[in-house]
Structures are given as structure tokens and as C-alpha cells.
Amino acid sequence: MTKLKLVKERNGNYVLNGNKCKVCNIVFFPKKEVCISCFSSNNLEEFGLENIGILHTYTIVHRSFPQFNTPYTIGYVDLLNSGVRVFAPIKDSAPDSLNIGDEMKIIFETDEKGQVNYYFVRKVE
């Protein structure tokens, strides 16, 4: 089994790396090897997901494993161009003021090991 890359670079910027079935027009993230609707494996094309979405739900975690500093916020965001719902950390200076329906954007950061990670922040105009 091949390891699928979740993030790719496009035009100098990172995007979430999904794929789309050319038969059903369903978008997947993470990528699938076979369409779960029509079971096609040779009609999947790479698809860069939009970095903007709408907060579907979230929670503030107050108790966790010792290696995680609490509290932290995690949630699901529905991305605009695909209908894909992505689960990721949410970094916000005031998590208690988050509202379902808030517009969010993905931020990408490279850690000291060269791994590209992503999280959501509230989109500010």
C-alpha cells in the first residue's frame, strides 16, 4: 500500500491533496484508490481542495494525553469547492467565541522535521 500525501504544493502555495472521480464528480480527502460510489479505480484525478470553508462543528478539549497541552480546539470544516469535510486542529486566540457557520481558512506550517502540517483559523477579511 502506498502512502498518500495529504498536502501538495500548487503555484507556490500548499493545498490539501484530494482526488475526484471523473464519472461521479465526487471529491475525496484523503485520496481514495477506488471511488466509493461507482467503484472505478482508473477515473480518479488529483484535485486540490479549496483552503476556505465553513465551520461545521468543534470542541474544546480540556483533558487529553500527557503529550498534548490542554486546552486545545479541534473541529470539522466543510470546504467550499468540494463539499469535503475536514477534521483538524483549530488555532484561535478566543476559541470560546467560535460559532458554527464561521468562515475558516487552512494554514500550513512546516515543522522542524520538514513535515507540512495544517490547521484552521477563523478567516478575517
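The values are calculated or read from the model by the stated rules, or taken from the named source; none is laboratory data. Given the structure is predicted, the values throughout are model-derived calculations rather than measurements. Methodologically, a virtual Cβ is constructed for each residue, glycine included, from the backbone with ideal geometry; neighbour enumeration extends over all protein chains shown.
Considering segment 17-98, the qualifying strands (runs of 3 or more DSSP E), each wholly inside and each with 2 or more residues that are in contact with a Pro (Cβ under 9 Å, 6 or more places away or on another chain) and within 20 Å of residue 6 (Cβ to Cβ), run over 72-79. Put simply, of 76, 58 the only residue that is hydroxyl-bearing (Ser, Thr, Tyr) and in contact with a helix residue (DSSP H, G or I) (Cβ under 9 Å, 6 or more places away or on another chain) is 58.
Among the candidates 7, 61, the residue that is of a type in the set (A, V, I, L, M) and more than 17 Å from residue 118 (Cβ to Cβ) is uniquely 61.
Yes/no per residue for (1) modelled with pLDDT of 95 or more; (2) not charged (D, E, K, R):
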position: 46; (1), (2): no, no
position: 58; (1), (2): yes, yes
position: 67; (1), (2): no, yes
position: 79; (1), (2): yes, yes
position: 85; (1), (2): yes, no
position: 100; (1), (2): yes, yes
position: 103; (1), (2): yes, no
position: 109; (1), (2): no, no
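Any residue that is in contact (Cβ under 8 Å) with a residue 40 or more places away in the chain and aliphatic (A, V, I, L, M) - is there at least one of those in segment 29-50? No, the conditions are met nowhere in segment 29-50. Pairs linking a residue in segment 97-113 that is more than 18 Å from residue 17 (Cβ to Cβ) to a residue that is assigned to a loop (DSSP other than H, G, I, E, B) and not aliphatic (A, V, I, L, M), with Cβ atoms under 7 Å and 6 or more positions apart or on different chains, are 98/92; 103/123; 104/123.
Just one of (1) farther than 18 Å from residue 16 by Cβ; (2) surrounded by 12 or more Cβ atoms within 10 Å (Cβ to Cβ); (3) at pLDDT below 95 fails for residue 124. It is (2). Within the option set 61, 84, 77, being farther than 16 Å from residue 123 by Cβ, in the same structural domain as residue 123 (by TED's automatic domain parsing) and buried (at least 18 other Cβ atoms within 10 Å of the Cβ) holds for one residue only, 84. Taking segment 87-96 as the search range and keeping residues that are surrounded by fewer than 15 Cβ atoms within 10 Å (Cβ to Cβ) and over 11 Å from the mean Cα position of the chain (by Cα), which one is modelled with the highest pLDDT? Selected residue: 91.
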